[in-house]
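Heads up: the structure comes next, in structure tokens.
The values are calculated or read from the model by the stated rules, or taken from the named source; none is laboratory data. Remember, it's a predicted structure, so these values are computed and weren't measured experimentally. Positions of Cβ are backbone-derived with ideal geometry, glycine not excepted, and every protein chain shown enters the neighbour counts.
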């Protein structure tokens, strides 16, 4: 008799498929996901700069940015579903995904699409003054969900928009922080700052928070947070553990950490 997906951990000599090619991850709880991706979590931690270099080298070696983003967003979606199921919150309200203007937001768009396919009610809030994402790959993923009538979408261009959107956020099943990734420098600007504060209010009301790659405003290299910074219940980071998330302050903001593979080949990894 075949073993259920939740009881099928991966082994070092039989690496699991990458997330976008692995439908079994949407049947797993958090413990099973951790086992499934254990090989990634066992790798040495790297800085944000080293990760950026690995990402660029992977693309130079022929791995399209679109595939890296698809794997990342799919991993986030599986983790969101898992935490919602583990906490008996799946189906109790919408999954609210707060997306910034860069690639972190692009990962959020992929996660939104995958969660909708898994049967979730999804609300995507684009926290940016721009009407379209900056990067080409993020923009393409935005276009894919923009045509999807099953995903609710709203743009929060100014602080007032965030305040209005935040009314009733405690009804969300899960809030996903896809605002900012590795590129944070200095104090947060509006409307991102207000969105971070909104995430804090949601978590204080008992809504679990899942961060994409790093909690917004927590430095992936040092772990030092800005003020304010997101505190997550679960962070899904990619390829290898990050030095900032294993420091005392970084870990306090990250919560539990999953390390998901996204298809960066070994020859792109120099850290």
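Summary of computed values
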read-out: Members of the stretch 233-252 found to be in contact (Cβ under 8 Å) with a residue 40 or more places away in the chain, farther than 19 Å from residue 74 by Cβ and in contact with a strand residue (DSSP E or B) (Cβ under 7 Å, 6 or more places away or on another chain), listed by number; value: 233, 241, 242, 243, 244, 245
read-out: Search result, residues across the stretch 33-49 that are in contact with a helix residue (DSSP H, G or I) (Cβ under 9 Å, 6 or more places away or on another chain) and either within 14 Å of residue 246 (Cβ to Cβ) or crowded, with 20+ Cβ neighbours inside 10 Å (or both); value: 33, 36, 37, 41, 45, 46, 47, 48
read-out: Residue within the stretch 192-204 that is modelled with pLDDT of 95 or more, buried (at least 22 other Cβ atoms within 10 Å of the Cβ) and in a loop (DSSP other than H, G, I, E, B) present; value: no
read-out: Residue match in the stretch 126-140 (condition: surrounded by fewer than 22 Cβ atoms within 10 Å (Cβ to Cβ), within 27 Å of residue 267 (Cα to Cα) and either touching a helix residue (DSSP H, G or I) at 6+ places or on another chain (Cβ under 6 Å) or modelled with pLDDT under 95 (or both)); value: yes
read-out: Residues satisfying the stated conditions in the stretch 137-184, i.e. within 23 Å of residue 103 (Cβ to Cβ), assigned to a helix (DSSP H, G or I) and touching a residue at least 60 places away in the same chain (Cβ under 8 Å); value: 137, 138, 140, 141
read-out: Some residue of the stretch 254-266 being assigned to a helix (DSSP H, G or I), out of contact with any strand residue (DSSP E or B) (no Cβ under 6 Å at 6 or more places or on another chain) and modelled with pLDDT under 95; value: yes
read-out: Answer residue from the stretch 24-44, given it is part of a loop (DSSP other than H, G, I, E, B) and over 18 Å from the mean Cα position of the chain (by Cα) and is farthest from residue 119 (Cα to Cα) among those; value: 44
read-out: Verdict on residue 265 being touching a helix residue (DSSP H, G or I) at 6+ places or on another chain (Cβ under 8 Å) and over 30 Å from residue 159 (Cβ atoms); value: yes
read-out: Number of the condition not met by residue 237 [criteria: (1) surrounded by 24 or more Cβ atoms within 10 Å (Cβ to Cβ); (2) in a loop (DSSP other than H, G, I, E, B)]; value: (2)
read-out: Residue identified as in a helix (DSSP H, G or I), modelled with pLDDT of 95 or more, surrounded by fewer than 24 Cβ atoms within 10 Å (Cβ to Cβ) and touching a strand residue (DSSP E or B) at 6+ places or on another chain (Cβ under 8 Å) among 112, 84, 75; value: 84
